[in-house]
Amino acid sequence: MFSAFDNFPALLIWLPLAGGILSFFMKKEVAAKMIAMISSVSTLVVVTLSFIYSNQEFMMLNQVSYRWLPELGSSFAFVLDGLTRILCMLTAIIFPLVFTITKKDQYKNSNVFFGLMMLTQCGLMGVFMATDALTFYFFWELALIPVYFLSSIWGGEKRIKATFKFFIYTFVGSLFLLIGILYMYVKNPTGTFNLADFYNMTLSSPEQMILFFLFFVAFAIKMPIFPLHTWQPDAYDQAPTPVTMILSGVMVKMGLFGVIRWLLPLFPLAVKEFQTGIIILIVVGMVYASLVAIYQDSIKKLIAYSSIAHIGLMAAGLFSLKDVAMQGVVLQMFNHGINIVALWIAAELIERQTGITKISQLGGIAQKAPMLSVFFVIAAMANIALPLTNAFIGEFMIFNGLYQFNPWITAAAGLSIILSAVYTLNMIKHVFYGEIVPSTENFQDIGKTHVLVFCVLTLLIFVAGIYPTPIFKMIHETTGIVLNKYSML
Amino acid sequence: MNAIILSAIWGVLMMYTGFISKNKNTPTYVAIAGILLMLVASWLDYIGISFFDVDTKGMLKYNSFGLLFNMLIIACTLVYFLLSGSEIAKFEKNSADLYALIFFVLTGISIVAGFNSLLMLFLGIEIISIPLYILAGSEKSNLKSNEAALKYFLMGAFSTGLMLMGIAFLYGDAGTFYVEGINFGLGGMSPMMSIGMILLLASMSFKVSAVPFHFWTPDVYDGTPTVFTSFMATIVKSAGFFAFFKLFENAFGKMHADWSILVSVLAALTLVIGNITAVFQQSIKRMLSYSSIAQAGFMLLGVFAMNYYAKQGLILYFAAYTLATLGIFAVLAKFKDHSIEAFNGFAKKYPMVGLAMLICILSLAGIPLTAGFFAKYYMLLGVIKIGNMLWLVIIAILSAAVSVYYYFRVIQAMYFKEGMPHEEIKFTQSFEVIMLVNAAIIILLGIHPDWLLMLLNI
């Protein structure tokens, strides 16, 4: 089973897994942290290296398949293609950053904490790279279980209830996904779980509609799409910040990824049928989430609701089935991960110093901490898609595609962007400017490590904002495969 | 055949160990030695070496499914003895008698594993049941235990009555006790045969506690001393399901279309009612008895589907469910207080046992990477393969989601709730090791179920 170690997908699975398992057995906190850091950084190095070998001639380096359950027609099969590479890159960037900012934090049983974090990374990588439905399901769950424990053990006051809600929601979703996968398997003439075989299947329209819902519910809960979003604000609020960053930065992308890789190419007839209804539902959710965000007094909940709106826009872009929108979505998946992590870091730093997350109880931080404010404002501007920042191009392309689909829906979705400017600027005004309040009197600016982290994030924001062409080149192939399915209809 | 004779002999032998040795632990050692011997013997039987050549006139016929099942049950009993042996030894002065009863139950199970005649089915089920009535009431000073024994006995006798009546009807129709003889029915079922089948269905449902024949289960499981509840809820229940499956496969297999809708309704009811009632339980022991009803619902899916996947699934389900439940009950048996709160902070105090129990619970809930996942997977696959039964699959997974709710309450208590278990419990090192090995087997079966299933060469 462990025959191939010489290709990228294998390394991306084994490195975090080995790091995670090793961390469990470390007695000392420093050692556990070191191992987590080393394995996450080496994962990043491997992903970066893999970019050099992304051409067709290096095919063998980018895919791997282990024998697993031959009687069942399932194998541990992974592939690293354009879309996958971007998401793996995002995952690989965020984990070392999270470990860097939590370097000084004390966690009781830190070996378990870091072990679970690395297992989460392993699960995420597996989800993104799997080309076997059963393997995909396995990693889909593997990414969930460690997060459940992380949030329930190290989370806030109401952690048990909030995390449990999150767990039940996603677990129900994944069970629906499982039925969908099993159904496909039974119908598959080749008797395998292979994604390529699934792509070649011809299913009748009623079958596709049932299967579409089984898959869609799982992905919609993960994203989350209104009205299945209620787990999210509580879970983000109660989870420990490193976990919240992973959740909002990478895990929600699992849902979007699932739609691109599994839902859209597998059930084109059903997608065509439900497309409009789903986009309307999403847009309603976007406007709703934005309106709720305006009335939030907690920074964390505000970011959570803003995330619902932004993810909603990406989902709407996917269901518009326009090439330009889909490319925008993939770009935006990467960008959103970067932006929201920057926002969470800032929110965490504020909470750590003042112990407060209420917008109304904060004020004047800009005078005390100019560096933090600059970085925060950049991230916030990127989040509301100001030109020159990364999100501008992505969201512009999504809107372009949506407009081709239906101008009225686009107008409604645009409303949420305006609202997003309202609540973001409002928060900046209250938290960073205005009078200094007692809670921020002794506020200190951020240290060197955090400046470094923010510099990396800001750099990514601007680079992707000014020169996103390389990313487009990579994703063109994937969106092409998906849209091909529809050109034949 | 090896297992039947060996277990009967060893049962008699066990009764005498009580006189011969005064040491409290001797019976446990003898019992473990006996079960190891049986394991080897049943393995030899599986590969075709039989020590005893008894002409049963075709009334007992073993195939690989039956032999694998028999071996699995003996292996699980070994785990049970290793985990709970010390509790049985502590339980009463004459623990040798209790072991003897368990060996007699195994004799019954071994008969059931190979029955080919309805008479043998009846005999096997009776041999299983009678020692169990005694085990249920073995805590003589406890009123609840007495009540459990009486209730179990009355319900058991009633369901056996139904079974006999069903057998009589079938005999009247087919003129033979051999199951193949019944299966000859061409064209629809005659009324007589339908009545016989429905009576057998009801009595088997009693035995496996399928809703609406489940009312005895919570009281009996709750009243029975925990060590024996663990045996009843796992090994005996698996045997019940094996008998159920084998009877309906061999005797009524050709009429699958006629009775499968009945079983699907039973399964759906069992899943829904079992799971929802379990949510409201405050005591882990009671919760586990409802959970055993709920898990029975999943196993009924296998009886319903009655295909290749279902057979594999049942074998895996027996292993997954039995190992996980045995693990949890073994820990529970050491507690006097069975409420969920008693487990607050358990994992902090006993990290190793806590971890093993965590894996057991995850397996019961059917989380991937544990054996429980693949067990449920095969059941669902079997039902999907039948086609047009998506409603049943949806009910099954929704109830699996409900089951997560009550299983995870135990995990929450163990891992996330503050507080210390107020009972001082000592886990010996060997107990910890066996728990961890048990958990490792569960994980291993969750990654490579084919290692067990390849033994099932149908």
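Simple spin-label estimate for A:Asn442 and B:Phe158 gives 7.2 nm between the two label positions (7 Å along the Cα-to-Cβ direction from each Cα). Per residue of the protein assembly as shown, the DSSP helices (runs of n ≥ 4 H) give a summed -39500 (n - 2.57) that works out to -24500 deg cm²/dmol at 222 nm.
Ranked by the mean number of other Cβ atoms within 10 Å per residue, highest first, peptides B:205-211, A:368-374, A:321-327 order as B:205-211, A:321-327, A:368-374. Cβ-Cβ distance of A:Val284 and B:Phe51, R₀ of 60 Å, FRET efficiency by 1/(1 + (r/R0)^6): the value works out to about 0.25. Using θ = phi - 60° in the Karplus curve 6.51 cos²θ - 1.76 cosθ + 1.60, the 3J(HN,Hα) couplings for segment B:401-406 round to 5, 4, 5, 4, 4, 7 Hz; x is entered for Gly and Pro. Residues in segment A:438-445 carry Karplus couplings, in order, of x, 5, 9, 4, 9, 5, 10, 6 Hz; the curve used is 6.51 cos²θ - 1.76 cosθ + 1.60 with θ = phi - 60°, and Gly or Pro positions show x.
Around the Cα centre of the protein assembly as shown, unit charges on the Cβ atoms of Lys, Arg, Asp and Glu (plus for the first two, minus for the last two) sum to a dipole of about 1120 debye. Annotation: amide H-H contacts under 5 Å for A:Ala77 (H modelled 1.01 Å from N, sequence separation of 5 or more, or interchain): A:Tyr66, A:Thr131, A:Asp132. The alpha-carbon positions of segment B:2-453 define a convex hull whose volume is 128 Å³ per residue. In a reduced charge model with +1 at each Lys and Arg Cβ and -1 at each Asp and Glu Cβ, segment B:105-193 shows a dipole moment near 260 debye about its Cα centre. In segment B:2-453, a dipole from Cβ-located charges (positive for Lys and Arg, negative for Asp and Glu) runs towards its positive end, and of B:Leu154, B:Pro449, B:Met71 it is B:Pro449 whose Cα lies farthest in that direction. In this structure the amide hydrogen of A:Val437, modeled in the peptide plane, comes within under 5 Å of the amide hydrogens of A:Gly363, none closer than 5 places in sequence on its chain. Modelled label positions at A:Tyr53 and B:Asp337, each set 7 Å beyond Cα in the direction of Cβ, lie 5.9 nm from each other.
The order of A:Phe216, B:Phe19, B:Phe169, going from fewest to most other C-beta atoms within 10 Å of their C-beta, is B:Phe19, B:Phe169, A:Phe216. Within 10 Å of the Cβ of each residue in B:359-371, the mean number of Cβ atoms contributed by other protein chains is 2.
So, R0 is 41 Å and r is the distance between the beta-carbons of B:Ile443 and B:Thr176; what FRET efficiency does that work out to, to 0.05? Result of the calculation: an efficiency of 0.30. Taken residue by residue and averaged, Cβ atoms of other chains lying within 10 Å of the Cβ of A:176-186 number 5.
In terms of other Cβ atoms within 10 Å, A:Trp140, B:Trp259, A:Trp154 run from fewest to most in the order B:Trp259, A:Trp154, A:Trp140.
Taking amide H atoms as placed 1.01 Å from N in the peptide plane, the amide H of A:Asn406 has no partner under 5 Å among residues 5 or more positions away or on other chains. Only aspartates and glutamates eight or more places from A:Lys33 in sequence, or on another chain, were considered; those with a Cα closer than 19 Å are A:Asp105. Only the Cβ atoms of Lys and Arg (+1) and of Asp and Glu (-1) were treated as charged; on that basis the dipole of segment A:141-249 about its Cα centre amounts to roughly 180 debye.
For segment A:396-454, the share of alpha carbon pairs falling in successive 5 Å distance bins from zero is 4, 14, 13, 11, 13, 12, 10, 9, 8, 5, 1 percent. Taking 0.36 nm per residue of sequence separation and removing the Cα-Cα distance, the B:Leu262/B:Asn146 pair yields an extension gain of 38.3 nm.
Based on the alpha-carbon gyration tensor of chain A and its eigenvalue square roots a ≥ b ≥ c, which shape applies: rounded if a/c is under 1.5, prolate if not and a/b is larger than b/c, or oblate? Verdict is oblate for chain A. The aspartates and glutamates whose alpha-carbon is closer than 15 Å to the alpha-carbon of B:Lys22, local same-chain residues fewer than 8 away aside, are B:Glu92, B:Asp97. Distance between the 7 Å Cα→Cβ label points at B:Lys90 and A:Asp323: 7.3 nm. With the charge dipole of chain A set up from +1 on Lys and Arg Cβ and -1 on Asp and Glu Cβ about the Cα centre, the Cα lying farthest toward the positive end among the listed residues A:Val252, A:Ala391, A:Met26 is that of A:Met26. Dividing the Cα radius of gyration of the protein assembly as shown by 2.2 N^0.38 Å, with N the residue count, gives 1.02.
By the count of other C-beta atoms within 10 Å, a proxy for reagent exposure, B:Ser430, B:Ser159, A:Ser290, B:Ser260 are ordered fewest to most as B:Ser430, B:Ser260, B:Ser159, A:Ser290.
Given the pairs A:Lys104/A:Lys358; B:Lys207/B:Lys254; B:Lys93/B:Lys285; B:Lys254/B:Lys385; A:Lys104/A:Lys222, which are separated by over 29 angstrom at their Cα positions?
A:Lys104/A:Lys222
By the rule of a C-alpha distance below 17 Å, with chain neighbours fewer than 8 residues away ignored, the aspartates and glutamates paired with A:Lys253 are A:Asp81, A:Glu141, A:Glu395. Mean per-residue shielding of peptide B:376-385 is 4, counting Cβ atoms of other chains within 10 Å of each Cβ.
Rule-based calculations on the coordinates, nothing more; no lab input. Because the structure is a prediction, the values reported are computed rather than measured. Glycine gets a Cβ as well: all are built from the backbone with ideal geometry, and neighbour counts include every protein chain shown.
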